[in-house]
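The values are calculated or read from the model by the stated rules, or taken from the named source; none is laboratory data. Quick caveat, the model's predicted, so the values are computed rather than measured. Note that we place each Cβ from the backbone using ideal geometry, even for glycine, and neighbour counts take in every protein chain shown. Areas reflect the complete protein model, heavy atoms only, side chains present, ligands, DNA and RNA absent. Shrake-Rupley method; radii C 1.70, N 1.55, O 1.52, S 1.80 Å.
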Amino acid sequence: MYASVLRRKSARSRKTWEAVLRREAAPGRGSAPRPHRESAPGSRRGTAVAGLARTALRTTALALLTAVAIAGVSAGPAAAADGDVTWTVRTAANSYGDDRSSYSYTVNPGGQLKDAMVVANHSKSPLELAVYAADGYTTDTGQLDLLTQDKKSVGIGAWVHAGRGSVVIAPGKSAEIPFTVGVPGNAPPGDYVGGILTSLKQADDAEGINVDRRLGIKVKLRVSGALKPNLAVEDLHVEYDGSANPFAKGDATVTYTIHNTGNAILSARQSVSVSGPFGWLRTDAGTIAPPPELLPGESWKVKAPVHGVRPAVSLAATVTLTPLLTDASGTTTALKPVESTTHGWAVPWTLLALVIVLIAAAVGTFLLIRRNRARRKEQEEARVQQAVERALRDKESQQS
């Protein structure tokens, strides 16, 4: 079983993301990994501390604990510490800059570039670290995370290659690790996100487990070509929950999925409204939190409550997304809004039942009055008939 642990660390205004993953196995039995990772903003000189997995294993079974930190390194290096073992990572100072928060490039298909990461050992003993890259993705909590080493990368993790697969750093020393970014000639244009990582594996004999602690820096890459930013609204539904009061308003719930169908990283401003027939009785959902930046192909589920909705029988729910595109300079541009509408029912059942009762009462009263009128008419006709018959009998009696 995988469980995410989220920590926030701040130093000045910089960011450090740290997530801890645990994989536990029952004695004598393995289990398939189900990754679920979280990360949160902190600082460049934040400290990424990996926890240890706690589980009972047979002597032949080991569990794996992995800590991942994706660090923005502007005010200082991100650091990983566990007891007396501490190391930091930061971007190297070169022609790309000397105070970068992360790695960001624009490369043509088939292009190649070189950069470096600086790793410093702050512990009292030599430190051996593995170095590799991995693709990024957005977690269910809206944070950026990296694939674990056993997952196949197809973007950053496959295109970024460290100059060496491992490095040994003496106590109090640092090492610059060069890496190469090689974009395939057939790489589709668009945005890609991942990270370059350092990894420390340690054995805990007391617990009978291996510990893998990872610390790295975010890599964002844009492959040159036609940029096609696009968001779609999918699986749009609306439900209405009315009140027992026949004249009261109710609540509607609008659910939908935001899907990044383009090739650029996008966030969005979003608005939701519901209305009755012909757009009457419109009610807005109010402010809805923006989704996280979605990588190409990713989706984000939204549930928006709308209060004070009048039960107008037929209900229309409309979602409007304004995609937000951020360029390399940090400037955000609002793109053409995307709108989608669905329909549902908002039947005022209590009011409807009251109307039915009133109609039934009116119909019953009408029928009763009609029947009484018919009865009185029959009685009057009978009295007239009786009077005529009496008059005829009296006349015959007089004639005889």
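Below is a table of values for the structure above.
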{"quantity": "Amide H contacts of Asn108 (H built 1.01 Å from N, under 5 Å, at least 5 apart or other chain)", "calculated": "Ser224"}
{"quantity": "Kirkwood hydrodynamic radius of segment 137-218, Cα pairs, Å", "calculated": "15.3 Å"}
{"quantity": "Rounded FRET efficiency, nearest 0.05, which uses the C-beta distance separating Asp235 from Ala361 and R0 of 35 Å", "calculated": "0.20"}
{"quantity": "Of the chymotrypsin sites (Phe, Trp or Tyr not before Pro) in segment 267-334, those whose Cβ has at most 13 other Cβ within 10 Å and which sit in DSSP loop", "calculated": "Trp280"}
{"quantity": "Rounded FRET efficiency, nearest 0.05, which uses the C-beta distance separating Asn94 from His307 and R0 of 51 Å", "calculated": "0.40"}
{"quantity": "Cut-off under 5 Å, modelled amide H: who pairs with Ile209 long-range", "calculated": "Asp204"}
{"quantity": "Note, ³J(HN,Hα) from phi for segment 106-118, Karplus 6.51, -1.76, 1.60, rounded to Hz, x at Gly and Pro", "calculated": "10, 10, 6, x, x, x, 8, 8, 10, 8, 8, 10, 9"}
{"quantity": "Ellipsoid equivalent to segment 246-400 - semi-axes via the Cα gyration tensor, in Å", "calculated": "76, 12, 10"}
{"quantity": "Value in Å of the Kirkwood radius, where segment 176-323 supplies the Cα pairs that are averaged", "calculated": "19.3 Å"}
{"quantity": "Rounded to the nearest 10 Å², the accessible area of Thr106 at probe 1.4 Å", "calculated": "90 Å²"}
{"quantity": "Approximate spin-label separation Gln379-Gln149, in nm, with each point projected 7 Å along Cα-to-Cβ", "calculated": "10.3 nm"}
{"quantity": "Alpha-carbon centroid distance for the pair segment 139-154 / segment 283-319, whole angstrom", "calculated": "27 Å"}
{"quantity": "Pairwise FRET efficiency - Leu368 versus Ala328, Cβ, R0 = 56 Å, nearest 0.05", "calculated": "0.10"}
{"quantity": "Gained length - Thr255 relative to Asn108, 0.36 nm times residue gap less alpha-carbon distance", "calculated": "49.0 nm"}
{"quantity": "Listed residues Glu207, Glu381 arranged by accessible area, highest first, probe 1.4 Å", "calculated": "Glu381, Glu207"}
{"quantity": "Euclidean distance of C-alpha centroids, segment 251-282 and segment 209-248, integer Å", "calculated": "13 Å"}
{"quantity": "Note, ³J(HN,Hα) from phi for segment 126-141, Karplus 6.51, -1.76, 1.60, rounded to Hz, x at Gly and Pro", "calculated": "x, 10, 10, 10, 7, 10, 7, 10, 8, 6, x, 7, 9, 7, 5, 8"}
